Each structure stands twice: as structure tokens, then as C-alpha cells.
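The structure appears below as C-alpha cells.
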Amino acid sequence: MGVNWWACVALCSAVAWPADTSAAEPPATLDEAREFHRAGDLEKALWAYRDVTLNSTASRDVATAHNNACVILMNQGNYRGALEQCGEARRLRTQSGDDRRLARTLNNLGTVLEALGHYDDAEAVYVEALQINRDSGDLASQAINLSNLGVLAMSIGDFSGALQYLDIVQSLAQDNIDEWWAPEQRVLAVINRGVALEKLGSYREALAQYVDALETGGEALDPARMLTLQVNIGVAYRNLGDPVRALESFRASVADAGDDKGTLANAWLNIGIVQHLNLADTTAAESAYRTSLDLAASSGDHAGEIQSLSFLGRLLLEQGRQLEARQSFETAMERANESGYAEGRWAALDGLARVHAAQDNFAEALVFANEAITQFEAVRAELGQQSLRQNYLGEKRSVYSLAVAIHWALAQEHPNAGHAAEAFHTVQKAKARELLDAMGSSASIPRPLDVDDIRSALQDTLVLEYYMAEQRLFMWAVSSETLAMFDLGDHTTLQEAVSATHRSLVARSAPDPETIETLSATLLGPAGATLARSRELRVSPDGRLHYLPFELLSVPDTAQTLGDSHVLTYLPSASAGHRLRPALPHSVLLSGFADAQLEHADAGYERGALIQRFALEPLPQAREELRKLNAALPGTHTVRFGAAASEEAFRESATRGARVVHIAGHTIVDERFGRQPAIVLSPDAEHDGLLYPSEIAALDYRATLTVLAACRTALGSAAEGRAISSLTGSLLAAGSSAVVATLWDVDDGAAAVFMEQFYAQLARGLDPARALQATKQTFRSDPRWSNAADWAGYVLIGNAPPIIERGFRFGWLVASGLLFVLFAFIRIRARRSQS
């Protein structure tokens with residue numbers, strides 16, 4: 001992507017400008033252009049800079065004109081035009097050897113590339129600018145480059161990296177606090193730290209950063225940045241569930257903005273969002289959206305105009321004003337095509353698809369929905385790093401949901417037209433898509449499988465694939481012979497039933513029998529006949545269904561539960577399940593980690609804050625649990641406790657491989673704010689000991705089975721299809737064939753006994769799925785452990801062969817028997833000697 005793109009920019013001799021609407025006048029000079037720019041007359045400034053590029057013979061002046069035109073177009077949201085202007089400025093300044101000005105252009109170019117989603121190229125030019133400024137000793141410019149790298153790291157989800165960059169900026173500014181640039185850069189670093197914390201879901205901590213910046217460094221900010229800070233404070237209040245104070249902050253920004261149309265447009269857009277999504281005041285919301293739209297349009301801010309049009313179109317569509325909504329989305333499409341704003345074009349296509357679907361024009365709606373999906377996937381495929389593709393998935397799942405619902409509607413009209421299979425394939429592209437990406441490389445991304453690919457690998461196994469569309473729950477029952485699609489109805493009530501069942505189990509209470517019966521009839525009933533013919537079941541949940549242990553459900557028309565009648569495994573998606581890495585032979589049977597060290601002086605701000613926030617304490621009982629499991633299995637083992645259970649040791653062990661990797665300790669799962677979960681290991685010289693899914697997925701991980709013996713390790717961010725954002729999904733992506741995890745906090749005593757029983761079943765030579773089923777059946781039949789809260793929370797995601805090979809198992813038993821006979825013989829001889 002990078003090489004071809006740069007070749008285009010470097011060779012473009014004709015740089016695009018906005019359409020000329022001015023009367024013929026003498027060519028402007030660079031000084032005149034700058035004067036227009038300073039006065040805020042941006043259209044005149046643009047045309048004056050154009051005159052300079054066409055008429056000046058001074059290469060430096062021409063480069064400056066292109067650079068400044070890039071800044072204007074970028075601030076107006078015309079990123080395509082800005083890209084060409086900055087590209088030309090870069091070419092001229094590279095030729096002239098003007099490194100100091102080249103670094104400024106590179107910084108501007110990086111901002112444009114970031115806005116267009118070209119994150120790899122943006123990082124490259126920021127780093128190039130930083131190196132130039134380091135060579136020249138320009139500390140002020142270094143601080144700006146580092147801040148931009150921190151903001152870029154946030155854009156791709158690397159919050160630890162972002163915080164590190166911002167720490168460097170803050171230290172650099174503090175060490176040079178008497179310099180003219182330092183106070184402003186220090187307070188901007190504090191604000192950006194707040195933005196990072198807000199994206200991590202730590203809204204109160206973010207608000208504290210904003211207030212600190214306002215109280216201790218507000219005088220260092222120019223008026224525009226002060227207003228932006230005020231808007232950020234409002235966004236934090238909104239995320240904290242206080243829309244009233246959010247509105248106060250946004251309205252204060254409006255009152256203080258004067259003639260700053262950009263800030264006014266942003267503030268009014270946020271006012272509209274609060275009125276629309278929080279307060280349900282549609283009249284006030286529409287007025288705010290239209291005010292924001294007028295301000296953005298009058299200032300030439302294409303990005304702001306497109307955002308306002310998209311939110312307004314959404315509001316109009318919700319009110320049934322379909323013609324007005326269509327006009328709003330069509331205008332947004334026009335503006336997005338003019339500016340090259342990919343996100344805006346996607347939002348407009350999505351909106352137009354929804355308008356046509358609301359009018360029952362399903363064939364036309366599917367065209368727009370598929371075009372939105374095609375564009376989204378094309379942009380996504382260009383992103384070289386898997387982590388970037390993962391982040392870009394974001395909220396785009398909504399258009400996949402729309403396409404599935406449209407396919408269902410068309411399937412009712414044309415039952416034999418293949419819409420059920422097309423809908424299933426669309427789901428495979430949406431669900432756990434990032435998991436498939438992580439299983440490949442930037443040069444070879446595995447494609448989602450279609451139904452024929454999946455059916456060919458099934459024998460006596462049934463796959464039930466569930467998908468939460470925007471209002472409906474759909475299910476596909478896939479066997480080696482059949483494919484059937486079902487609409488299971490509005491998922492709102494169903495998800496509430498799942499949540500109630502989960503809450504009961506968390507509280508160690510028996511689930512309501514009527515609720516279980518309702519869930520059984522809804523989730524399994526349509527597949528009744530096919531389910532009865534199968535012996536193995538693979539379930540791919542979605543949404544809140546990830547919280548439901550399907551083993552508790554009743555098989556239709558029988559007295560059995562699903563846990564008794566079927567060997568059950570879970571999959572992120574049917575397609576991802578068939579792409580899992582096959583198990584590899586390993587010389588190490590068990591690699592275990594337990595009771596990681598929590599406190600560490602140099603572990604970093606983020607780790608310390610999370611340990612304090614979640615009140616994590618040492619787990620000495622985890623050591624004893626791992627020792628017992630170590631004794632339960634034959635073969636070569638490596639176990640690490642305390643400081644030895646470090647992130648570096650885990651990474652090293654992962655690449656060497658083991659048949660079983662067992663982690664007994666803390667995990668951080670914060671579902672309230674949607675942040676990524678983390679495995680807590682001991683910190684070391686290179687790592688903070690917080691192992692996030694994005695880091696796990698990047699490992700060359702070699703394990704047949706991974707056991708996460710901690711609380712709620714099966715949960716995370718998978719509910720929105722982002723399987724790799726969960727611990728289980730990232731382990732599968734990295735190379736584990738299967739993962740055992742938990743759906744809730746299990747009693748320590750029950751957990752220890754459960755794991756002993758599970759490992760005993762593995763030692764018998766059962767595969768993990770059957771070993772887990774046998775352990776659960778043992779618990780159900782024992783009065784001490786029959787409470788479902790003690791056993792139903794363990795789930796197996798993925799599929800793995802037996803850990804103990806049959807020949808090895810019998811050899812181990814024979815060896816154990818010989819040792820027992822020898823031990824008995826020695827004891828008898830000893831007793832005879834004593835007598």
C-alpha cells in the first residue's frame with residue numbers, strides 16, 4: 001500500500017484546487033496570502049496560495065504555499081485536497097534539502113494520512129519528522145511529533161504506547177519549562193492523557209485530567225484549544241451518565257466560541273447527540289444538528305458537515321421522515337466524494353441502505369449495504385498491520401447486521417434464491433473477522449468460509465450459529481446435509497432472560513426453570529430434528545448469549561439437558577472454528593503460571609492504577625492448585641510462581657510450546673467501559689505484566705490447550721463480534737487449539753476440585769471436550785457440588801485432541817504400577833527388618 005501510494009503523490013504534477021469562483025485579479029504574493037490566512041478569510045487565502053504556486057519562481061515560496069494550503073484544506077475536512085497539497089510540499093522541500101520546513105510538512109502530512117485511515121504511512125512520516133527534529137535539536141517540534149505519535153497510537157488502540165509517548169512529552173516539557181513552547185505542550189500532554197483514559201473507559205480519571213489541565217495550565221492554551229478542552233469535559237460527563245452537565249459544558253463552549261465556526265459546529269453537534277441519544281428530545285436534537293450543519297457548511301468543514309448530515313439523517317429516519325433522511329444521506333455522500341472522506345462515504349451508504357429497507361425496497365437496500373461492506377473491507381485490507389484492521393472493524397458491524405436482515409426479508413419472498421446461505425456468509429465476515437485476520441498475515445488473510453466449506457467438514461456434528469442483528473436474533477443450523485436459517489424474534493427480551501440466568505448463577509442461585517424452558521424452546525427448538533440426530537454440538541453465540549452456559553438448556557421433546565446429550569464446544573464463529581491451528585506435538589506436557597507478583601516499583605502508571613482500582617491481592621492458593629495439577633499429569637512440566645511467573649517467561653514459554661498452558665491468577669475484565677481485558681503476570685525489565693489480547697494475538701503461541709483458571713475469563717469484548725478483543729479469542733488467534741475459561745467467579749474450593757477432576761479426565765486420555773463433559777456430569781451427581789454455579793461456568797472454546805496419547809497413557813500406568821509394586825516390596829522388607 002505505502003510504496004504505490006507514495007509513487008502516485010510524488011509523480012502528480014497537477015495538484016487539485018477548489019473550483020475557482022473569483023474574478024480575474026492580479027496574482028497574489030505569498031505575503032498577501034498569509035495576511036488572508038491570518039485574518040481568517042480562508043477561501044481568499046487558498047486562492048492566493050494557488051496564485052503563488054502558479055506564478056512564483058521561488059521554490060521555497062511555492063513549497064510554503066502548498067504547505068499552508070494543506071493546513072487550510074485539512075482544517076476544512078477536505079482531506080483529499082490536503083493530501084495532494086502536502087504531498088507536493090513534501091516533494092519540493094525534499095528536493096531543496098530544507099529539512100526544518102520539511103519536518104513541518106511531514107507533520108501536517110501525517111495528520112492528513114491519519115484522518116484518511118492510512119495509519120502505517122502516518123506513523124512513518126511522523127517518525128521521519130521526529131528524526132529530523134532530533135538531529136537539529138528542535139525540542140519544540142519534537143514535542144509536537146511525539147504528541148502526534150501518541151494520538152496516532154490511540155487511534156489504533158495502542159493505549160500503553162500512547163501513554164508512553166505522552167509521558168515523554170510531559171517530561172520533555174517539564175525539563176524545559178522556561179522555554180516558550182513548554183507550558184503549552186505540557187498541558188496538551190495532560191489533555192491527551194485524558195483522551196486516552198477516556199478511550200480506555202476510565203471516564204472519571206479522564207475528567208480529572210481535564211480539570212487539572214484547566215486549573216493548572218489553562219493560561220498556556222490558546223482560545224481555540226481551551227474551547228476544545230471544554231467540549232472534551234462535556235463528552236466525559238456524557239459518558240459518565242450525566243447529560244445535564246455535559247450540556248452545560250457544550251453550551252459554555254458555544255457561549256465562549258465567538259466567531260469560531262469550527263468550535264461552534266463541534267459543540268452544537270455534541271449538543272444534538274446528547275438531546276438525541278440521551279434525553280430523547282428529538283425537536284431540540286434536530287435543531288442542534290441543523291445548526292451544526294449550517295456552521296460546518298459555511299466554514300468549509302466537510303468532515304463536520306458529513307457528521308452532522310449523518311446524525312441528522314439517522315434522526316429523521318427514526319421519525320419516519322424517509323424522504324428527508326434520504327436527502328440528508330445523499331448530500332453526505334456528495335460531500336464525502338468531494339473530500340475523499342472514507343468514513344463519511346461509508347456512513348452515507350449505510351444510511352441510504354436503511355432508508356430503502358424502511359421503504360421495503362429490499363433489493364435496492366441490499367445494493368447499498370453490499371457497497372458499504374465492499375468499501376469498508378477494501379479500506380481494511382489496505383491496513384498492513386492486523387492490529388489496525390482489528391481497530392477499524394469498530395462499529396462497522398451494523399451494516400453487516402442490516403445486510404443479514406435484508407437477506408432474511410428477501411428469503412421470505414424468494415425461498416430458493418440462496419439468501420439464507422448469503423446471509424450466513426455475511427455473518428462469517430462480520431463475526432470474529434479479526435480472529436481470521438490474526439490467523440493469517442498481512443500478505444495472506446484467510447477468507448471467511450461459506451456454508452459449503454463448513455458443511456464438508458461436518459459428520460455427526462451440528463453447528464448452531466447465532467447472530468444478533470439490530471432488532472432480531474437469527475440462527476443457522478448447519479449439518480453435513482442441511483442449512484436452515486431461522487428468525488428467533490426480537491432479541492431484547494431474550495437477552496434479558498440470559499442476563500437474569502447469568503445473575504442467578506453468579507449469586508449461586510438456581511436459575512428460574514421457566515426462564516430456562518423459554519430459552520431452550522427459543523434457542524434449540526427450531527433445530528429439534530437435526531439436533532436429535534447429532535452427538536456433537538458446536539455453538540457460536542453472539543451478544544449476551546456469550547454469558548449463557550448452553551449445557552443447562554433442555555433438548556426439545558426429551559428429558560435430557562444439552563450437557564448430558566451432546567459433547568459441547570463453543571466457537572467464535574463457524575468459519576473461525578474451522579481455521580484453528582491443529583495441535584502440534586510438544587515435549588513439555590504442562591507449562592504453568594500462578595500467583596504473579598502484583599507490586600512492582602517500575603511497573604508503570606497503568607498497572608498500578610488497575611491493581612488499585614480492582615483491589616487485586618496475592619493468591620497463594622493458586623500455587624497449591626498448580627502443584628496438584630502438576631502431580632496429576634505425567635511427563636515434563638515447567639511451573640512458575642510469584643516473580644518467576646513473568647510476562648517475559650510466558651512469552652518465552654509460548655514460543656517453545658506445551659500441550660497444556662495453565663494460568664492461575666488474576667485477570668482484569670472491565671465490561672462496564674468496554675476496555676480490553678488483561679492477564680496479570682509479573683512485570684519484568686521489558687514488560688509491565690499486563691498481557692492484553694492484542695499482545696497475545698501477536699505471539700507465535702504453541703499450545704494444544706490453554707486453561708485460564710481465573711474469574712470471568714470467557715467474557716470481554718466478544719459480544720460485538722470482536723472475538724480477538726477477548727482473552728479466549730486472542731489465544732485461539734495466536735495458535736492455541738482450544739481454551740478453557742469461565743463465565744463467572746467460581747468458589748475457590750469448588751474451582752480447585754473441578755480442576756483436579758478435569759485433569760484426571762485428561763490423564764485418562766479423553767479429549768478436552770469429553771473431559772469437561774465428564775467432569776460436569778460428576779459434579780452434577782455429587783450433592784456437594786451439584787449447584788450449577790460450581791460447574792456450569794466452565795466452557796471450552798475451540799476444539800483439541802486428547803492431551804495424553806493412548807500409548808503414552810498405558811505406558812505411564814504400567815510404569816506407575818511397577819513403581820507401586822516396588823514401593824510395596826520395600827515397605828514389606830522394611831517392616832520385616834524392624835520386626
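Please calculate how many Å² of accessible area region 165-223 carries per residue, with a 1.4 Å probe and no DNA, RNA or ligand atoms counted. The partial results should precede the final answer.
Working: 2790 Å² over 59 residues.
Using a 1.4 Å probe on heavy atoms only, each residue of region 165-223 averages 47 Å².
Among 460-471, 410-421, 743-754, how do they line up from the highest to the lowest mean number of other beta-carbon atoms within 10 Å? Write out the running numbers ahead of the final one.
On the way: 460-471: 20.8, 410-421: 14.4, 743-754: 18.4.
Final packing ranking: 460-471, 743-754, 410-421.
For the chain, what proportion of DSSP beta bridges, expressed in % and rounded to the nearest 5, is antiparallel?
40
May I ask for the net charge around Leu317, where only other residues with Cβ less than 10 Å from the Cβ of Leu317 are counted and Lys, Arg are +1 while Asp, Glu are -1?
Details: positive: Arg314, Arg321, Arg326, Arg354; negative: Glu318, Glu324.
Spelling it out: positives minus negatives among the neighbours equals +2.
Can you work out ³J(HN,Hα) from phi for every residue in region 467-476, in order, using Karplus 6.51 cos²θ - 1.76 cosθ + 1.60 and θ = phi - 60°, giving whole Hz and x for Gly and Pro?
8, 8, 7, 5, 10, 10, 10, 10, 9, 10
Treat each spin label as a single point 7 Å out from the Cα along the C-beta direction, and report the Ala609 to Gln327 distance in nm.
Placing both labels 7 Å along Cα→Cβ, they lie 4.7 nm apart.
Under 1.5 on a/c is rounded, so check that first for region 98-237, then, if it is not, pick prolate when a/b is larger than b/c and oblate when it is not; a ≥ b ≥ c are the square roots of the alpha carbon gyration tensor eigenvalues. Before the final figure, lay out the partial values.
Values: a/c = 1.90, a/b = 1.30, b/c = 1.47.
Oblate shape, in that a/c is at least 1.5 and b/c is the bigger or equal ratio.
What is the distance, in nm, between label points placed 7 Å from the Cα along the Cα-to-Cβ direction at Ser786 and at Thr636?
It works out to 4.6 nm between the two label points.
Measure nothing but the geometry: give the 0 to 90° angle between the long axis through the Cα atoms of 30-39 and the longest principal axis through the Cα atoms of the chain, rounded to 10°.
Long axis of 30-39 versus the principal axis of the chain: about 70 degrees.
What does the highest-first list of 632-644, 183-195 look like by mean Cβ count within 10 Å?
On the way: 632-644: 16.7, 183-195: 22.8.
Output ranking for 632-644, 183-195: 183-195, 632-644.
Provide the gained length on full extension for the span Ala529 to Gln319, in nm with one decimal, where the gain is 0.36 nm per separating residue minus the Cα-Cα distance.
Details: separation 210, 0.36 × 210 = 75.60 nm, distance 4.27 nm.
Gain in length upon complete extension: 71.3 nm.
How far, in degrees from 0 to 90, does helix 362-382 lean away from the longest principal axis of the Cα atoms of the chain, to the nearest 10?
90
Please give, to one decimal in nm, the separation of the simple spin-label points placed at Ser509 and Thr94, each 7 Å out from Cα toward the Cβ.
With each label placed 7 Å out from Cα toward Cβ, I get 6.7 nm.
May I ask you to derive the relative contact order of the chain, considering only C-alpha pairs under 8 Å and at least 6 residues apart, and to give it as an integer percent?
Details: 1466 pairs, mean separation 59.0, N = 835.
Reported relative contact order: 7 percent.
Mind running the shape call on region 450-599? Use the C-alpha gyration tensor, a ≥ b ≥ c as the square roots of the eigenvalues: rounded below 1.5 for a/c, prolate if a/b tops b/c, oblate otherwise.
Working: a/c = 1.67, a/b = 1.12, b/c = 1.49.
Oblate, because a/c is 1.5 or more while a/b does not exceed b/c.
So if each residue of separation counts as 0.36 nm, and I subtract the Cα-Cα distance between Leu279 and Glu648, what length gain in nm does that give?
Numbers: separation 369, 0.36 × 369 = 132.84 nm, distance 4.85 nm.
Fully extending the segment from Leu279 to Glu648 adds 128.0 nm.
Under the 0.36 nm per residue contour assumption, what length would be gained going from the current alpha-carbon distance of Asn361 and Glu517 to full extension?
Working: separation 156, 0.36 × 156 = 56.16 nm, distance 3.77 nm.
Net length gain for the segment: 52.4 nm.
With r defined as the distance between the Cβ atoms of Arg764 and Ser398 and R0 fixed at 41 Å, what FRET efficiency is calculated, to the nearest 0.05? Mind showing how you got there, number by number?
Details: r = 47 Å, r/R0 = 1.15.
Calculated value: 0.30.
Net charge around Ala789, counting only other residues with Cβ within less than 10 Å of its Cβ (Lys, Arg = +1; Asp, Glu = -1)?
Combined, the nearby Lys, Arg, Asp and Glu give -2.
Could you look at the chain and say what percent of its accessible area is carbon and sulfur, using a 1.4 Å probe and all protein chains? Could the numbers behind the result be given before it?
Details: 17680 of 35050 Å².
Heavy-atom surface of the chain belonging to carbon and sulfur, 1.4 Å probe: 50 percent.
Quote the Stokes-Einstein diffusion coefficient, in whole µm² s⁻¹, for the chain, based on the Kirkwood radius over alpha carbon pairs, a temperature of 37 °C and a viscosity of 0.692 mPa s. Intermediate values should be presented prior to the final figure.
On the way: Rh = 29.6 Å.
D, rounded to a whole number, is 111 µm²/s.
Go ahead and run the numbers for FRET between Glu617 and Asn55, Cβ-Cβ distance against an R0 of 60 Å, rounding to 0.05.
On the way: r = 73 Å, r/R0 = 1.21.
My answer for the efficiency is 0.25.
Based on the mean of other Cβ atoms within 10 Å per residue, sort peptides 590-598, 474-482, 486-494 so the most packed one is first. Mind dumping the intermediate values first?
Working: 590-598: 24.6, 474-482: 18.9, 486-494: 15.6.
Sorting 590-598, 474-482, 486-494 by mean packing, highest first, produces 590-598, 474-482, 486-494.
What angle do you read, to the nearest 10 degrees and between 0 and 90, between the alpha-carbon axis of helix 119-136 and the longest principal axis of the chain?
Between helix and principal axis, roughly 60 degrees.
Along the charge dipole of region 440-599, Cβ charges K/R +1 and D/E -1, which of Val506, Ala457, Leu584 sits furthest on the positive end?
Working it through, the farthest residue towards the positive pole turns out to be Leu584.
If you take the square roots of the eigenvalues of the alpha-carbon gyration tensor of region 260-387 and sort them as a ≥ b ≥ c, do you get rounded (a/c under 1.5), prolate (a/b over b/c) or oblate?
Numbers: a/c = 1.89, a/b = 1.22, b/c = 1.56.
Oblate.
Excluding Arg134 itself, what net charge comes from residues whose Cβ is under 13 Å from its Cβ, given Lys and Arg +1 and Asp and Glu -1? It would help to have the intermediate numbers written out before the result.
Numbers: positive: Arg100; negative: Asp99, Glu128, Asp135, Asp138.
Its environment carries a net charge of -3.
Given the -39500 (n - 2.57) contribution per DSSP H run of 4+ residues, what per-residue ellipticity at 222 nm results for the chain, rounded to the nearest 500 deg cm²/dmol?
Working: 37 runs with 501 residues, N = 835.
For the chain, the value works out to -19000 deg cm²/dmol.
The values are calculated or read from the model by the stated rules, or taken from the named source; none is laboratory data. Keep in mind it's a predicted model, so treat the numbers as computed, not measured. Cβ coordinates were reconstructed from backbone atoms using ideal geometry, including for glycine residues, and neighbour counts include every protein chain displayed. With ligands, DNA and RNA removed, areas are computed over all heavy atoms of the protein, side chains included. Shrake-Rupley method; radii C 1.70, N 1.55, O 1.52, S 1.80 Å.
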